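Values in this text are rule-based calculations from the coordinates and carry no lab data. The structure displayed is predicted, hence computed values, not measured ones. Here Cβ is always computed from backbone atoms with ideal geometry, including for glycine, and neighbour counts include all displayed protein chains.
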Ligand SMILES: Cc1cc2nc3c(=O)[nH]c(=O)nc-3n(C[C@H](O)[C@H](O)[C@H](O)COP(=O)(O)OP(=O)(O)OC[C@H]3O[C@@H](n4cnc5c(N)ncnc54)[C@H](O)[C@@H]3O)c2cc1C
């Protein structure tokens, strides 16, 4: 079996691993990228069922995503999407996501009064508290928090009571300050009034190419290869250990040595590779993606629909056929369901989805389950102890000579690939010429 030596070995060829490899290679290092998955791209995974192409989770990028700057031309086959986001309220109405102050509050004076009283009471009583629920109530007031269905959604997303989700996490990820800012509402209004209706409508977002993610990440891998990066997928990672010759990585295809090892795998997996008995007391929600097709009247218009209702286990659906076109005369879409410790069968999750949407008057017609995909480690559960625990584990990894980065490697809810890339650049690409990502248009 061959023995190779590298300046840096990166565990995991997801977006964080690919970006780290790019920056380190551009800094002149000899890099090897290793993954057990059969192809690069991490959890950007597409699969075909009955001629329809589905994905795990969502698949949107914004023009200006740094991935396209690193790998020029790799966005050529992406498809423009006018990304409209809807939400089923606890009352069963379809409103905009994540909140619609106009529809839910301003249209009815008595509702506005209750909202204002509840918000005023909260501001008078004190600060944002210590958890997701107290934070949301502080910024929205108890009335809007309950009426909007945000509590139902938080519960569905994390599978734990919002009172046990850490404030540290929600402050970084929920950003309700922005959502409920009166100044921002006024700025948006002025922008809308000034907008020229005759001006061309620009797409809000782009979605992965028609055939799925695999061709896109093949192109990315080719460009990394031309920078000298060696990529070994389906590597069969077995063990990592510190030796006098450097860090040794054993895989099913041979052993290699590296001066540095950068981890992007889930923390449970990297401690396993180290042969450590360290208990990783962090949990992630699992995700089941139901791959569905439909013919009939779906009963709503938005591309994405979130479930803020108090019934139905499903969390979010994404209508692929709105931008890829119908297949065999049928619409098709992904439905995400987050799972707790139990792993119910996809068929029973689908039955629950079909019954719930039918009760709300949606998907009236021929609805079918075409297939399903499961993912462990979908979302980190940021409970009140998670921050302290993850920092301790990152420190232990550093003592073993392993750097760690990314959504899985830092146990951090990175919602979007652009953020993962900027974090990799901060760490490994400070000397590489770069214009930072300015965020998606319209503040999305
Ligand atoms: C449901 C969902 C929807 C998303 N929607 C979008 C979106 O619309 N647009 C967008 O830009 N980003 C989206 N993201 C986020 C995006 O996938 C991440 O921000 C980005 O891919 C982070 O990459 P990463 O390399 O840090 O981690 P990942 O790609 O998650 O993982 C890194 C590596 O860890 C290993 N690994 C991870 N999970 C497992 C597992 N379960 N089993 C075995 N090995 C594993 C693999 O080797 C993988 O290559 C979504 C993520 C999820 C989970």
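Quick notes
- Degrees, to the nearest 10: 182-194 long Cα axis against longest axis of the chain: 80
- Percent RCO, i.e. relative contact order, over the range 60-174, from Cα pairs under 8 Å lying at least 6 residues apart: 19
- Between the range 297-317 and the range 33-112, the Cα center-to-center distance that results, in Å: 13
- Put simply, when 132-145, 70-83 are sorted by average Cβ atoms within 10 angstrom per residue, most first, you get 132-145, 70-83.
- Cβ crowding within 10 Å ranks 314, 434 as 434, 314, fewest other Cβ atoms first.
- Cα-based shape type of the range 68-137, given that a ≥ b ≥ c are square roots of the gyration tensor eigenvalues and the cut on a/c is 1.5: oblate
- Between helix 417-428 and the chain: long-axis angle, C-alpha atoms, 0 to 90°, nearest 10: 40
- Normalised contact order of the range 284-380, rounded percent, pairs of Cα under 8 Å and 6 or more residues apart: 50
- Looking at the chain, the DSSP beta bridges with both ends there are about 70 percent antiparallel.
- Between the Cα long axis of helix 386-399 and the first principal axis of the chain there is an angle of about 10°, rounded to the nearest 10.
- Packing order of peptides 22-30, 107-115, highest average first: 22-30, 107-115 (average count of other Cβ atoms within 10 Å over each peptide's residues).
- Once C-alpha pairs closer than 8 Å and six or more residues apart are averaged by separation and normalised to the residue number of the chain, the relative contact order reads 26 percent.
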